[in-house]
Amino acid sequence: MSLRTVVVVCLLIAAPAQTPPQAPARDAGQSIAPPIGTGRLSGVVKDHRGEPVRRATVRISGDMRLDRLTVTDADGRFSFSDLPAGRFTVTTEKAGHPEMSYGASRPFRAGAGVFLQAGQHTERINLTLAPGGAIAGAVHDERGEPMPGVPIMAWEIRTSLGGERTLDFPATGGEWVVTDDRGMYRVFGLPPGDYTVGTSWAYHGQASDVRVPTDAEIRAAFQSKNQAASPATSLSPQPAGTSEPPRYNYAPTFAPGVVDPLSASVIALGIGEQRMGVDLQMQFQAMSRLELAINGPDGTPASVRIMLTRRSPVEALNTSSVSFGGNGRFTSSSLSPGLYTVMAETEAAGNMPPLWAMADVVVTGGEPIAMTLTLQPAIAVSGRVVFEGTTLKPPADLTRVFVRLSGAGPMRASTVSTTDATGLVSISGVIPGQYAVFGSVAAGAMPGAPTGMTWTVRSVMLNDRDVTDRVFDVSAGASGLTVTFTDRVAELSGTIVGPAGSPATDYFVIAIPADRAYWVPQSRRIVSTRPDGSGRYVFRGLPAGDYKIALTTDLVPRDLQSVSTLERLAEQSAPVTIAVGERKTLDLRAGG
């Protein structure tokens, strides 16, 4: 289903800088009561066939923390009174019906919103609340016997920001249902879309593994009762020098019975559609254990913190467990086949940096995996911060300027810098990997600064390489990092009008970088905003560069992490180039 995205550029001119109005001050900790007024809003909730939906919950929310609830009557009607002027979001829901907002084309979307003038009475706010779809079936073991107590989820099939097919939590959230005593499950309340079903993200098999006894153990168990028992006749660990037989457990499984989530069957679900008989056969597989020996740089055993992460192309399925390896030894619980990453680390001690070791592990065939990890010191990144201002003075206390390395790979946490009074930056305890750099100035570091003025990152240079808003490799320490801040904050603004020339307030305005190298998770170049009651929108603080500006009536935050959504939006957009500190006006016409 495509989003409604129609943009026509009307005007592109430079505009003088404007200082935004200052918000009214209030005492710290003082609460503000939701405002009241004389406005009124009313409407009706119907299903997709036009029948009224009784006892549906309707929520209205707006500025200044206004949040109210009501319930529809027998004719599906609702009403809110004593409303102040402003923009309001109207949302309805009912058990088994996906949440729907006024003006949204699909469930669980933000919708268009409703503007009320002071004292205005707005009627005919009509919402369609269609019943959700359902997927049901049975879960069996490898012999076709029902399996109770298995957590099952409906996974939504999506396209990742990298363009690959992936699975994600559905719009309803990450909840799961548990199979009953017959092995039956039923997931309901699903909006239309493409799904598969499988075990939940938290599933790690049954509580205990099982081990198939060897022939010798079976023969010993059936020896004559008259024969005296001996240690050799009991089910015991294998003698030294022989490998222990594999242990078995159930692996995470997806319909109809595959362990690869990307090869699972696809279920296209329509409005209120019921898909029965979607059965799942669990996979009983040989499990493996990871046996680690962890040594310090001098070769002696070291006690460390161990993090073991399951890896797969489906990020939502990746989970981590944390343990502690005492005396340099660690043995994992059973691991189903797949790719894992293990990381060992110690805390910094005195003048000694943290120690770390990391390895990827491929688990197959149930064989135990023995590894030795040798810890090595974490590396350091150094550089400086530079302030290029035309209005603001650099912060007097540069120790309140922060540079953060944000890890792009698995198990790479954010690392924050220490900045000295001269602006020299030192980031210690960095584990080699892929990182992006972010910078900020602490609130209160610029007393007396004009309202609305601030410092933003203009560029990040690693020696002669521009790594601004890009991921780069930190493998052996890095010096020569220069983070330049500017007080020349760019602003892109304009008005949106509809086909008749009246202000259009129902839209989201999205800024998308023209260079796809910036299409990375959490990019500060991919942002959205909404117009006010006059149809005016503002982007403040966009980094300099080329952008595509698009409109849609249908957006949720995770759409900005979806490459397919960004591609659809970019196809119908207005190009614009923004320079450092530039104020630019881009008026847009929507419709058709």
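Key figures
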{"read-out": "Checking SER79 against (1) in a loop (DSSP other than H, G, I, E, B); (2) more than 23 Å from LEU551 (Cα to Cα), the condition it does not meet", "value": "(1)"}
{"read-out": "Tally of residues being of a type in the set (Lys, Arg) and at pLDDT 90 or above across the range 155-205", "value": "2"}
{"read-out": "Flag for ALA286 being modelled with pLDDT under 90 and either in the same structural domain as PRO98 (by TED's automatic domain parsing) or touching a Pro at 6+ places or on another chain (Cβ under 7 Å) (or both)", "value": "yes"}
{"read-out": "Selection within the range 356-367 - surrounded by 15 or more Cβ atoms within 10 Å (Cβ to Cβ) and farther than 19 Å from SER417 by Cβ", "value": "ALA357, MET358, VAL361, VAL363, GLY366"}
{"read-out": "Residue match in the range 514-526 (condition: more than 29 Å from the chain's Cα centre (by Cα) and within 28 Å of SER459 (Cα to Cα))", "value": "no"}
{"read-out": "THR166 among the hydroxyl-bearing types (Ser, Thr, Tyr) and either outside the structural domain of GLY198 (by TED's automatic domain parsing) or assigned to a loop (DSSP other than H, G, I, E, B) (or both)", "value": "no"}
{"read-out": "Output for the range 320-346, where each listed residue is over 15 Å from ARG310 (Cβ atoms) and in contact (Cβ under 8 Å) with a residue 24 or more places away in the chain", "value": "GLY325, ASN327, GLY328, ARG329, PHE330, THR331, ALA344, GLU345, THR346"}
{"read-out": "The range 506-533, residues that are in a strand (DSSP E or B) and either in contact (Cβ under 8 Å) with a residue 40 or more places away in the chain or more than 30 Å from VAL114 (Cβ to Cβ) (or both)", "value": "PHE508, VAL509, ILE510, ILE512, PRO513"}
{"read-out": "Some residue of the range 279-291 being closer than 30 Å to THR346 by Cβ and in contact with an Asp or Glu (Cβ under 8 Å, 6 or more places away or on another chain)", "value": "yes"}
{"read-out": "Cβ pairs under 7 Å, 6+ apart, first in the range 106-125 and farther than 19 Å from ALA504 by Cα, second loosely packed, with under 12 Cβ neighbours inside 10 Å", "value": "ARG106/MET1"}
{"read-out": "Scan of the range 473-500 for residues that are within 22 Å of TYR547 (Cα to Cα) and among the acidic types (Asp, Glu), ordered by number", "value": "ASP487, GLU491"}
{"read-out": "Top-ranked residue in the range 322-355 [being β-branched (Val, Ile, Thr) and crowded, with 19+ Cβ neighbours inside 10 Å; ranked as nearest to the chain's Cα centre (by Cα)]", "value": "VAL342"}
{"read-out": "Residue match in the range 150-169 (condition: over 25 Å from the mean Cα position of the chain (by Cα), buried (at least 21 other Cβ atoms within 10 Å of the Cβ) and touching a residue at least 24 places away in the same chain (Cβ under 8 Å))", "value": "yes"}
{"read-out": "Given (1) over 30 Å from TRP519 (Cα atoms); (2) in contact (Cβ under 8 Å) with a residue 40 or more places away in the chain, index of the condition GLU145 fails", "value": "(2)"}
{"read-out": "Enumeration of residues in the range 463-493 that are on the phi > 0 side of the Ramachandran plot and not in a loop (DSSP other than H, G, I, E, B)", "value": "GLY480"}
{"read-out": "Qualifying residue in the range 555-574 (condition: in a loop (DSSP other than H, G, I, E, B), among the β-branched types (Val, Ile, Thr) and buried (at least 21 other Cβ atoms within 10 Å of the Cβ))", "value": "no"}
{"read-out": "Sole residue being in contact with a strand residue (DSSP E or B) (Cβ under 7 Å, 6 or more places away or on another chain) and free of Cβ contacts under 8 Å to residues at least 24 places away in the same chain, chosen from ARG77, ARG68", "value": "ARG68"}
{"read-out": "Answer residue from the range 489-509, given it is modelled with pLDDT under 95 and of a type in the set (Gly, Ala, Ser) and is farthest from GLY389 (Cα to Cα) among those", "value": "ALA500"}
{"read-out": "Matching strands (runs of 3 or more DSSP E) fully within the range 242-299 where at least 2 residues are touching a helix residue (DSSP H, G or I) at 6+ places or on another chain (Cβ under 9 Å)", "value": "290-295"}
{"read-out": "First in the range 184-198 and buried (at least 20 other Cβ atoms within 10 Å of the Cβ), second anywhere and of a type in the set (Ser, Thr, Tyr), Cβ under 7 Å, 6 or more apart", "value": "TYR185/THR179; GLY189/THR172; LEU190/THR172; THR196/SER265; GLY198/THR253"}
{"read-out": "Residues that are modelled with pLDDT of 90 or more and not acidic (Asp, Glu), drawn from the range 477-488", "value": "LEU481, THR482, VAL483, THR484, PHE485, THR486, ARG488"}
{"read-out": "Which numbered condition THR122 misses (of (1) part of a loop (DSSP other than H, G, I, E, B); (2) surrounded by fewer than 19 Cβ atoms within 10 Å (Cβ to Cβ))", "value": "(1)"}
{"read-out": "Where a residue in the range 459-480 is within 15 Å of ILE431 (Cα to Cα) and its partner, wherever it lies, is basic (Lys, Arg) and at pLDDT 85 or above, with Cβ under 9 Å and at least six apart", "value": "PHE472/ARG465"}
{"read-out": "Residue ID - nearest to THR484 (Cα to Cα), chosen from residues in the range 534-544 that are surrounded by 19 or more Cβ atoms within 10 Å (Cβ to Cβ) and modelled with pLDDT of 90 or more", "value": "PRO543"}
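Every residue, every condition in (1) surrounded by 17 or more Cβ atoms within 10 Å (Cβ to Cβ); (2) of a type outside the set (S, T, N, Q), yes or no:
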{"residue": "GLU51", "(1), (2)": "no, yes"}
{"residue": "ARG65", "(1), (2)": "no, yes"}
{"residue": "PHE88", "(1), (2)": "yes, yes"}
{"residue": "GLU99", "(1), (2)": "yes, yes"}
{"residue": "GLN117", "(1), (2)": "no, no"}
{"residue": "ALA136", "(1), (2)": "yes, yes"}
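The values are calculated or read from the model by the stated rules, or taken from the named source; none is laboratory data. What you are looking at is a predicted structure, and each value in this text was computed from that prediction instead of being measured. With ideal geometry, Cβ positions are generated from the backbone for all residues, glycine too; neighbour counts draw on all protein chains shown.
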